[in-house]
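Structure, as structure tokens:
The values are calculated or read from the model by the stated rules, or taken from the named source; none is laboratory data. Remember, predicted model here, so these are calculated numbers, not experimental data. Every residue, glycine among them, receives a Cβ derived from its backbone with ideal geometry; neighbour counts consider all protein chains shown.
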Amino acid sequence: MLEVKSVRAGYGAINVLWDASLDFREGELTTVVGPNGAGKSTMLKAVMGLVAPTRGEIVLDGHSIGGTPTWEMPGRGLVLIPEGRMVFRDMSVEENLAMGAFPTERRAAVQRNIERAYTFFPRLKERRSQQAGSLSGGEAQMLAIGRGLMAEPRVLLVDEPSLGLAPVIVHEILDILRKLKEEGVTIVLVEQNTHLALGVADRVFLMRSGKVVLDQPASDVSQSDLHDLYFSLEH
């Protein structure tokens with residue numbers, strides 16, 4: 001469904017991805033793990049058009065999406081939940097959700113999708129009039145995901161949702177991702193916590209130094225072997 005083909009990308013003179021190839025299958029939850037600086041977030045930014053590849057191709061449904069402006073990606077079914085939440089702090093919870101309905105074809109369904117977000121995250125409904133800047137870290141992460149769902153994505157890219165959150169909140173968010181997968185949403189989860197990642201994934205990619213060094217079904221992955229690769233301990 002979504003393919004990253006031999007992509008090189010980076011920031012100015014600094015290259016981060018080195019001919020990275022990953023493919024994400026429809027209806028699956030694929031996790032991408034790896035240490036800091038492995039290129040995981042850069043890969044997501046390249047998919048979303050936030051970073052322009054200098055080589056390679058990104059393909060959605062058999063068609064290249066290279067050069068597509070980032071603001072058009074939600075209309076094509078691609079949505080990114082960025083690392084660090086990045087909510088609009090001076091706007092209310094409900095106003096933040098409404099901002100997620102950016103694609104023209106989604107605007108008629110704003111209220112319906114807001115209620116859907118509240119079904120997933122009842123705490124957001126309790127805080128609907130509260131400024132987003134006053135939310136806890138976990139609530140802000142819920143809001144970021146809820147805002148992303150407003151565009152009714154077919155492919156949801158989620159970058160480090162567990163970062164800085166209490167374990168109980170992390171498990172709540174992962175449960176929501178499982179439910180979304182059951183509804184048919186294709187999910188790409190970038191995560192440093194390999195234990196959490198393996199627990200929810202259908203498939204696992206491990207990236208290191210801008211390259212893919214492992215691609216396996218999650219059920220076949222050995223935690224110890226994964227850690228050896230993660231920390232460059234393989235023989």
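Conditions first: (1) in the same structural domain as residue 2 (by TED's automatic domain parsing); (2) in contact with a Pro (Cβ under 9 Å, 6 or more places away or on another chain); (3) surrounded by 18 or more Cβ atoms within 10 Å (Cβ to Cβ). Residue 72 passes all but one, so which condition is the exception?
(3)
Just name the residue that is surrounded by the fewest Cβ atoms within 10 Å (Cβ to Cβ) out of those in segment 85-96 that are of a type outside the set (Phe, Trp, Tyr), over 21 Å from residue 188 (Cα atoms) and in contact (Cβ under 8 Å) with a residue 40 or more places away in the chain.
Looking at the filtered set, the residue picked out is 90.
Restricting to segment 194-209, and then to whatever is assigned to a loop (DSSP other than H, G, I, E, B) and touching a helix residue (DSSP H, G or I) at 6+ places or on another chain (Cβ under 8 Å), can you tell me which residue is surrounded by the most Cβ atoms within 10 Å (Cβ to Cβ)?
Applying the filter and picking the extreme gives 201.
State which residue is nearest to residue 79 (Cα to Cα) when the search covers only segment 210-235 and only residues that are in a loop (DSSP other than H, G, I, E, B) and hydrophobic (A, V, I, L, M, F, W, C).
221
Between a first residue in segment 126-144 that is assigned by TED's automatic domain parsing to the domain that holds residue 157 and over 17 Å from residue 166 (Cα atoms) and a second residue that is modelled with pLDDT of 90 or more and in a helix (DSSP H, G or I), which pairs have beta carbons less than 9 Å apart while being 6 or more apart in sequence or on different chains?
none
For every residue, the table says whether it meets (1) out of contact with any Cys (no Cβ under 6 Å at 6 or more places or on another chain); (2) at pLDDT below 95; (3) in a helix (DSSP H, G or I); (4) surrounded by 14 or more Cβ atoms within 10 Å (Cβ to Cβ).
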{"site": "4", "(1), (2), (3), (4)": "yes, no, no, yes"}
{"site": "22", "(1), (2), (3), (4)": "yes, no, no, yes"}
{"site": "38", "(1), (2), (3), (4)": "yes, yes, no, yes"}
{"site": "52", "(1), (2), (3), (4)": "yes, yes, no, no"}
{"site": "68", "(1), (2), (3), (4)": "yes, yes, no, yes"}
{"site": "83", "(1), (2), (3), (4)": "yes, yes, no, yes"}
{"site": "98", "(1), (2), (3), (4)": "yes, yes, yes, yes"}
{"site": "102", "(1), (2), (3), (4)": "yes, yes, no, yes"}
